[in-house]
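Shown next, in structure tokens, is the structure this report addresses.
Where a number appears in this text, it was derived from the coordinates with a stated rule and is not lab data. Only a predicted model underlies this, so the values are computations on that prediction, with no experimental measurement involved. Here the Cβ positions follow ideal geometry from the backbone for every residue, glycine too, while neighbour counts run over all protein chains shown.
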Amino acid sequence: MSSTVATAPEKAAQKDRQVAKPRRRLPTPYLLLIPSVVILLIGMGYPLIWQTITSFQKFGLSQQFGQPAPFVGFENYLSLATNPDMWGVVVRSLVFMAVTAFITLAIGLLLAVLMTAVGKVVRLTLQISLLLAWAMPVVAAMTVWIWLFDRRRGVVNYLLDMIPGVEMNRFAWLENPFTFFMVACIIVVWMSVPFVAFSVYAGLTQVSDEVLEAAQLDGASAWQRLSFIIMPMIRPVIAIVLLLQLIWDLRVFTQITMLQDAGSRAAEFDLLGTYIYKLGAGSQDFGMASAVSIFVLLLTVAISWYYVRSLLKEDEQS
Amino acid sequence: MTTATTPNQTQLLTTGQTGRAARARTRRPLRVSRVIYSALAIVIALGWVFPVYWMINSSLLPNRTLQSFIPTFFPVNGSLNNYANTLADGTFFSALGISLSVTLIAVFFCLLFAFLAAVAISRFRFKGRKSFVLAVLIVQMLPAEGLFIAQYKMVASVGLLNSVIGLSVIYTAAVVPFTIWMLRGFVAGIPADLEEAAMVDGLSRTQAFLRITFPLLAPGLVASGVFAFLQAWNEFTVALVLLPAEAMQTLPLWLRGFIQASATRETDWGQVMAASTLVAVPVIIFFLIVQGRMTSGLVSGAVKG
């Protein structure tokens, strides 16, 4: 690229490429894309369009039985915006997402640093234990945690009760919204920390020992090495991991549903996913359910934009 | 890398004395802290794996033992009775069958479609390529919670609720984007020159692809396939909406139904944990196979900087 004078073989190569190009214009790539595009249009595209249209319609119980659905403009969205239930759900979801994602990131970072600070055997022990937690299917993990937090025979209450001065016998974690979401947060953090820890650890191993040693010889303290060398080098990993966590912690339908099975189904235990499910499957109000769904999708796209952009940039480089 | 090490080494040579002294000074406190860190790491490892251990431990204990107020931490007098009771009514096997058929159909089509698309976007430059890649990336982020009402409506309107086909179609669509993205990396990692060399040696383009590129891609296909398998196998949200009938349940739905049915009486935690173990163990084994690739797939590029 840097030389402007092309040698003879280079010129020949360029000519080759020019000849080759039209051949690559054949519709082959489009043919190869057809199956994927078709399945995506069926499974995602059509529902997305239907949902967008329905969110502007009155689509309740009578429409389920064949009545035409009248267009009502932004009425669904307006009634959501003035609905205190919806605001409660949105605020709870966003707070839950942010708190859980940041706790996950913090613990994941600490564990990644811890992995670099210990010997090989200890590190492997920690990694295997994290892997097992990571591999647990969500539903199975939920049943175990519900058992751990069981009010009468749960180990958590038993162990907490052993602490002198703490009276936790028969404490019902899932019957109060605050402790309910605390339990949900603990479970989600437990499931997601392994991914963060492994990703950040992979990033940390990329930081060369020579550079760190050189900095140490030049008198940089451990804190200075962390903040001026290690952090800048692993910042991209942290940014992406945090974004993925934020998105994943917005979609915790399975966890919340299972906890509601064991606790209470009241409205103050809802996050966005279960709220949509209740609107759609429970009240059969597909217009409102669609409007909330559109809101969730827009929120996701807004959060994931940075991630998508960075992946695209990398794609161009390769 | 080389530019970083060279001045470094010269510096070490010239300041060898002070360097050694500095290292000697840091060595002693390092040892002590290392022991503390190791102990901390072991404690965290034990704490983190405890729920998994507790699942297996409880699954081996009789319900009478679990009913006691003092937990039993080791399954000394354990038995497999809970497993036998869990499997007795046969619902596990019918759920297993449904899970297997839905997942295998979805994985097969997902791999096939994603493979073709991955070849298209990594081997060809064409108009609309960038928009396609962008669409794939965005669709991959969309949560099931944001679409399941519409998917329910669509599947119901063609009469495919409670059917393997309806769920498989949605699963294929949901998993195809990430699989395309993952396979794209593998296809791009195989130099096109190899194929071209084979074509110079007289193979047709298709032959070159089948004989040269495809075998090299096998590990990538396996990894992506296992990943797609795990996603479909563990999925709960869409299955809950699209399979409302009790006779049609995938394993995650079955496990949830199991704990729900059990909760109406006194919950039989031994059986619930045995059921959870049955669902979890195969997944854990599969997961351990592909784990390394998953981390690198999700944050690829970020590490390189």
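Worth pointing out:
- Kyte-Doolittle mean at least -0.5, axial Cα span of 27 Å or more - DSSP H helices of chain A: A:84-117, A:177-206, A:231-250, A:286-317
- For the protein assembly as shown, the Stokes-Einstein estimate of translational diffusion at 25 °C and a viscosity of 0.890 mPa s comes to 90 µm²/s, using the Kirkwood hydrodynamic radius over alpha-carbon pairs.
- Taking the inverse of the mean 1/r over every pair of distinct Cα atoms in the stretch A:195-318 gives a Kirkwood hydrodynamic radius of 18.1 Å.
- Per residue convex hull volume, Cα atoms of chain A, in Å³: 255 Å³
- Where trypsin sites (Lys or Arg not before Pro) fall in DSSP loop in the stretch B:86-195, at most 12 other Cβ within 10 Å: B:R125, B:K127
- Relative to its residue count, the stretch B:90-299 spans a Cα convex hull of 149 Å³ per residue.
- Value of D in µm² per second that Stokes-Einstein yields for the stretch B:194-243, Kirkwood Rh from Cα pairs, at 37 °C (0.692 mPa s): 246 µm²/s
- Candidates A:S192, A:S36, A:S304, ranked by Gaussian network fluctuation over chain A, Cα under 10 Å, top entry: A:S36
- With coordinates expressed along the principal axes, the C-alpha atoms belonging to the stretch A:114-231 extend over 58, 35, 28 Å, beginning with the largest.
- Max mean-square fluctuation residue, GNM over chain A, Cα-Cα springs under 10 Å, options A:V113, A:V188, A:V196: A:V113
- Electrostatic bookkeeping for B:I259 treats Lys and Arg as +1 and Asp and Glu as -1; over the other residues with beta carbon under 11 Å from its beta carbon, the sum is -1.
- Residue by residue, the stretch B:169-180 carries 3J(HN,Hα) couplings of 4, 5, 5, 4, 4, 6, 9, 4, x, 5, 5, 4 Hz when phi is fed to the Karplus relation 6.51 cos²θ - 1.76 cosθ + 1.60 (θ = phi - 60°); x denotes Gly or Pro.
- Only DSSP H runs of four or more residues enter the estimate; each adds -39500 (n - 2.57), and after division by the residues of chain A the mean residue ellipticity at 222 nm equals -23500 deg cm²/dmol.
- Electrostatic bookkeeping for B:E235 treats Lys and Arg as +1 and Asp and Glu as -1; over the other residues with beta carbon under 13 Å from its beta carbon, the sum is +1.
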